[in-house]
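Rule-based calculations on the coordinates, nothing more; no lab input. Please read all numbers here as calculations on a predicted model, not as lab measurements. Cβ: placed from backbone, ideal geometry, glycine included. Neighbour counts: every protein chain shown.
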Amino acid sequence: MQERFKIIYEMSLKGRLDIQYMCQIAHVSRSGYYAYVKRLKYPSSKELQDHFDFQMIKAAYEYKSWKKGAKQIRMRIERDYGIIMNLKKIRRLMKKYNLVCPLRKRNPIKAMIKAQQSHRIYKNVINRDFLQGKSKKVLLTDITYLTYANGKRAYLSVIKDASTRMILSWQLSLTLDLRFVINTVNEILDFYKGELDLNVIIHSDQGVHYTSIAYQELLKGNGITQSMSRRGNCWDNAPQESFFAILKTESELHKCTSYEKLVNTIIEYIKYYNYDRPQWSLNRMTPYEYDRYLTKRRHLLLPSTYIKSQIIYA
């Protein structure tokens, strides 16, 4: 109905057709049309407030160019303007002003390697108990494929802190060679060796990379307990799968025209995700802020003789 009124109004400005005739053709009432024109020329206080609020919503949506949903917009508005805006209002105004937020589509991840697993399968130590109130105690890892440059593929290996949601290590590769998964673990050991919990666990699926002798010996040699999802059960590693879905939804990797641009986009997005993207379930803190919160709390609970190791950030 509003679209019809808009067309009639635009035609009337050109003075080409009679208002009554156009309303008859469009099957709308003249009183409804004139009410629409009145709202355009003399907007109510509610209309003015909606317009003002939408400017904040749009600014939050466009922050650092990454796509955002209603909850991300709400937290960004609260951070930038100190205003708590209702989620229903945000969604209403986005619909009213045709601002479309991305939707994550359910798309099962296809098997990347079909191979007979001949090495050891470890039991599920975590059993979906991801939030243990400690940073760098439960680590989640997985591999996904990324499509870029009109159908080309690259592969991303990631290690994520289950409690803080922070991405601690990642490696990008053009192939599914075992080395880029090994390098993901080595990066954790290089940057966070002194911060890892004494009983640190790394959880993965039963993919061929994680059942390989080289991978398992690397974890064992560094005192890391290995845990694996049950076969064919993606829910056992759900937070990691969630990150991949968010990455692909918000960053539009398919627009990268070269591998170099893909690398740069991943670097920028993970930096944004860790340090500048608050999460609803982390009490509206970013993963980095929540990591510092848990680390500080842990230090307060430890004896005064505890000496903090040097922290190195990537």
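Listing for the model above:
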{"read-out": "Between 0 and 90°, nearest 10: helix 70-81 axis offset from the chain longest Cα axis", "value": "90"}
{"read-out": "Folded to 0 to 90 degrees: helix 45-61 orientation relative to the chain principal axis, Cα", "value": "30"}
{"read-out": "Built amide H within the under 5 Å cut-off of SER169, gap 5+", "value": "ILE159"}
{"read-out": "Length added when fully stretched, LYS67-LYS271, from 0.36 nm per residue minus Cα-Cα", "value": "71.9 nm"}
{"read-out": "Estimated inter-spin distance, GLU252 and LYS96, nm [label 7 Å along Cα→Cβ]", "value": "2.6"}
{"read-out": "Magnitude of the charge dipole, the chain, Cβ model with Lys/Arg +1 and Asp/Glu -1, debye to 20", "value": "1140"}
{"read-out": "Spatially proximal lysines relative to LYS71 (Cα-Cα < 19 Å; intrachain offsets below 8 disregarded)", "value": "LYS58, LYS88, LYS89, LYS95, LYS96, LYS105, LYS248"}
{"read-out": "Hits among aspartates and glutamates - C-alpha to C-alpha of LYS160 under 13 Å, sequence gap 8 or more where chains match", "value": "ASP142, GLU187, GLU241, ASP291"}
{"read-out": "In degrees, nearest ten, helix 238-251 long axis to first principal axis of the chain (Cα)", "value": "50"}
{"read-out": "Full-extension gain in nm, TYR122 to THR225, via 0.36 nm per residue minus C-alpha separation", "value": "36.1 nm"}
{"read-out": "Least to most buried among ILE167, ILE83 (fewest other Cβ within 10 Å first)", "value": "ILE83, ILE167"}
{"read-out": "Exposure proxy ranking, count of Cβ atoms within 10 Å, fewest first, for MET11, MET85", "value": "MET11, MET85"}
{"read-out": "Length-normalised contact order of the chain in % [C-alpha pairs under 8 Å, at least 6 apart]", "value": "17"}
{"read-out": "Sites PHE52 and THR175, calculated FRET efficiency, Cβ-Cβ separation with R0 41 Å, nearest 0.05", "value": "0.20"}
{"read-out": "Residue order, fewest to most surrounding Cβ atoms within 10 angstrom, among HIS27, HIS209, HIS254", "value": "HIS27, HIS254, HIS209"}
{"read-out": "P(r) histogram, all alpha-carbon pairs of the chain included - 10 Å bins from 0, percent", "value": "5, 21, 26, 20, 12, 8, 6, 3, 0"}
{"read-out": "Sequence-distant residues sharing a close amide H with LEU146 (under 5 Å, placed H)", "value": "ALA154, TYR155, LEU156"}
{"read-out": "Radius of gyration and Dmax over the Cα atoms of segment 221-278, both given in Å", "value": "15.1, 41"}
{"read-out": "Rounded to 5, the percent of DSSP beta bridges in the chain classed as antiparallel", "value": "70"}
